[in-house]
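Asker: Below are the structure tokens for one structure; questions will follow.
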Amino acid sequence: MTAMTRKVLTGARVVLPSGVAEDARVAVEGRTLAVPDLPGAYDGADPYGATAGDDTYELAGHWIVPGFVDMHVHGGGGASFSAGTAEEALEVVDAHRRHGSTTMVASTVTGDLDDLARQAAVLSELVEQGDLAGVHFEGPFIAPGRCGAHDPTLLRAPDPADVRKLLDAARGTARMLTLAPELRGGLESVRLLAEHGVIAAVGHTDATYDATRQAIDAGATVATHLFNAMPGLGHRAPGPIAALLEDERVTVELINDGTHLHQAVLEMAFRHAGADRVAFITDAMGAAAVGDGVYPLGPLTVEVRDGVARVVGTGSIAGSTLTMDQAFRRAVTVDGLPVADAVRALSTNPARLLGVGDRVGSLEPGKDADLVVLDADFTPVGVMRKGEWVVQPACV
């Protein structure tokens with residue numbers, strides 16, 4: 001048996017948990033990171049320096065960041081997780097991996113419970129074989145007045161028995177379920193999810209400030225795409241936004257595509273919640289990484305024009321066409337976030353929430369070799385997952 005060739009990436013700015021290392025090096029052995037470290041950290045011979053037998057990548061002028069973790073994505077590459085087939089789900093996975101999402105959760109949309117259970121059974125197999133990090137049920141337990149791109153005829157109150165049916169169908173792979181806690185059975189369902197280690201997310205809701213606080217006390221820990229599909233922040237009726245932003249137990253999802261949120265609103269949320277409580281998501285549908293056109297989204301039809309997806313017949317925004325590399329680039333170049341804070345929002349925080357922070361979400365020895373190589377303009381030129389190049393950089 002021949003020894004596995006080691007990969008050594010040198011000369012880049014590397015974003016580590018401790019900060020940005022200039023002119024640094026990342027070594028990869030097999031599927032894992034051998035060492036991300038500062039040059040000159042060793043006295044005498046550097047045991048991790050490149051040798052004649054290594055694949056060496058000279059990446060001066062580039063950045064190396066952890067692979068992105070998208071905890072809320074419905075589709076991409078012209079395909080959808082809601083199609084209910086492994087083949088189409090893998091098309092979504094491939095499309096987003098090429099844009100840096102090395103870890104992702106498959107999000108469903110509102111449908112008949114039996115159909116959602118069938119989708120979960122298919123997706124759970126992809127979780128078990130390592131292609132996905134879990135399943136996220138968005139709907140049908142949401143408020144009719146905030147349904148957005150969900151079929152209003154299929155909505156229902158979150159009866160704990162129905163919630164349990166979906167969890168059982170996912171065979172332990174359910175990671176998150178979005179619901180409106182003010183509906184009948186809402187708080188009981190939040191407690192059920194918490195008891196089973198599934199993230200209860202508040203979203204597509206008309207909950208009051210007090211009802212949202214009750215949901216958080218019951219175990220809700222995520223705000224599904226904060227600001228979108230919920231009442232606006234009022235000075236007499238602060239609603240769910242204030243409750244979700246102010247509570248340190250809650251991580252807020254933000255869709256940073258320039259369409260869902262005004263830059264000032266995103267910056268306000270980031271300042272108020274702090275860098276450790278924000279998770280950027282794509283909420284992407286099938287047009288992501290493809291372009292304009294007509295696409296299915298669950299039982300609905302969506303038309304994408306100029307990169308904005310809307311439900312045919314209602315005009316409601318229907319998810320996004322965002323990829324995580326675009327969200328990262330906008331965060332740094334438009335929103336003015338420090339690169340380290342963008343990494344927390346796109347990698348570290350969602351990895352921690354999903355319970356996989358011991359393997360992904362940061363560049364540390366022994367973790368999976370999941371990383372993205374960005375050029376000076378923060379455009380991805382390389383993507384690695386578990387030590388293998390998905391997109392190989394030209395800088396060799």
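Asker: So which residues in the range 174-186 are touching a Pro at 6+ places or on another chain (Cβ under 7 Å) and either more than 14 Å from T221 (Cβ to Cβ) or part of a loop (DSSP other than H, G, I, E, B) (or both)?
Answerer: Residues of the range 174-186 touching a Pro at 6+ places or on another chain (Cβ under 7 Å): 179, 183, 185-186.
The answer is L183, G185, G186.
Asker: Among the residues of the range 134-150, write down those that are without any contact (Cβ under 8 Å) to a residue 12 or more places away in the chain and part of a strand (DSSP E or B).
Answerer: Listed by number, the list is empty, since nothing qualifies.
Asker: Just one of the numbered conditions (1) farther than 20 Å from V105 by Cα; (2) of a type in the set (V, I, T); (3) not assigned by TED's automatic domain parsing to the domain that holds L59 is not true of V373; which one?
Answerer: (3)
Asker: I've got another one for you. When you scan the range 363-387, how many residues do you find that are assigned to a strand (DSSP E or B) and within 11 Å of T32 (Cβ to Cβ)?
Answerer: Total satisfying the criteria: 1.
Asker: So I142 ticks every box in (1) touching a His at 6+ places or on another chain (Cβ under 6 Å); (2) under 30 Å from V339 (Cβ atoms); (3) not hydroxyl-bearing (S, T, Y) but one. Which box is left unticked?
Answerer: For I142, the failing item is (2).
The rows are residues; the columns are (1) surrounded by 18 or more Cβ atoms within 10 Å (Cβ to Cβ); (2) modelled with pLDDT under 95.
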site	(1), (2)
L233	no, yes
L244	yes, no
F280	yes, no
L297	yes, yes
G307	no, yes
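Asker: For the range 302-340, give me the residue count where each residue is assigned to a strand (DSSP E or B) and either in contact with a Pro (Cβ under 8 Å, 6 or more places away or on another chain) or in contact (Cβ under 8 Å) with a residue 12 or more places away in the chain (or both).
Answerer: Residues meeting the conditions: 8.
Asker: Same structure again: Answer yes or no: is there a residue in the range 157-173 that is farther than 27 Å from I216 by Cβ and assigned to a loop (DSSP other than H, G, I, E, B).
Answerer: yes
Asker: Got a sec? Which of H99, H72 is assigned to a strand (DSSP E or B) and under 25 Å from K367 (Cβ atoms)?
Answerer: The unique qualifying residue is H72.
Asker: Looking at this structure, is S107 closer than 25 Å to G293 by Cβ, modelled with pLDDT of 95 or more and within 14 Å of the chain's Cα centre (by Cα)?
Answerer: In short, yes.
Asker: Quick one: H204 ticks every box in (1) surrounded by fewer than 22 Cβ atoms within 10 Å (Cβ to Cβ); (2) part of a loop (DSSP other than H, G, I, E, B); (3) in contact with a strand residue (DSSP E or B) (Cβ under 7 Å, 6 or more places away or on another chain) bar one, so which box is it?
Answerer: (1)
Asker: Residues being over 20 Å from the mean Cα position of the chain (by Cα) and within 20 Å of R97 (Cα to Cα): count how many of those fall in the range 248-306.
Answerer: The qualifying residues number 1.
Asker: Among the numbered criteria (1) free of Cβ contacts under 8 Å to residues at least 60 places away in the same chain; (2) of a type in the set (D, E); (3) in a helix (DSSP H, G or I), which single criterion is violated by E267?
Answerer: Unmet for E267, out of (1) free of Cβ contacts under 8 Å to residues at least 60 places away in the same chain; (2) of a type in the set (D, E); (3) in a helix (DSSP H, G or I): (1).
Asker: Further question on the same structure: If I filter the range 16-34 down to residues being β-branched (V, I, T) and out of contact with any Gly (no Cβ under 8 Å at 6 or more places or on another chain), which single residue comes out as farthest from E364 (Cα to Cα)?
Answerer: V20
Asker: Any idea which residue in the range 112-133 is surrounded by the most Cβ atoms within 10 Å (Cβ to Cβ), counting only those that are part of a loop (DSSP other than H, G, I, E, B) and in contact with a helix residue (DSSP H, G or I) (Cβ under 6 Å, 6 or more places away or on another chain)?
Answerer: L132
Asker: So, one more: Can you find even one residue in the range 154-163 that is in contact with a Ser or Thr (Cβ under 8 Å, 6 or more places away or on another chain) and within 27 Å of V312 (Cβ to Cβ)?
Answerer: Step one: list which residues in the range 154-163 are in contact with a Ser or Thr (Cβ under 8 Å, 6 or more places away or on another chain), which gives 154-155, 158-160, 163.
If we keep only those that are within 27 Å of V312 (Cβ to Cβ) as well, we get 154-155.
Checked against the condition, which is being in contact with a Ser or Thr (Cβ under 8 Å, 6 or more places away or on another chain) and within 27 Å of V312 (Cβ to Cβ), the range 154-163 yields at least one hit.
The values are calculated or read from the model by the stated rules, or taken from the named source; none is laboratory data. Just so it is clear, the model here is predicted, and its values are computed rather than measured. Every residue, glycine as well, gets a Cβ built from its backbone with ideal geometry; the counts of neighbours run over all protein chains shown.
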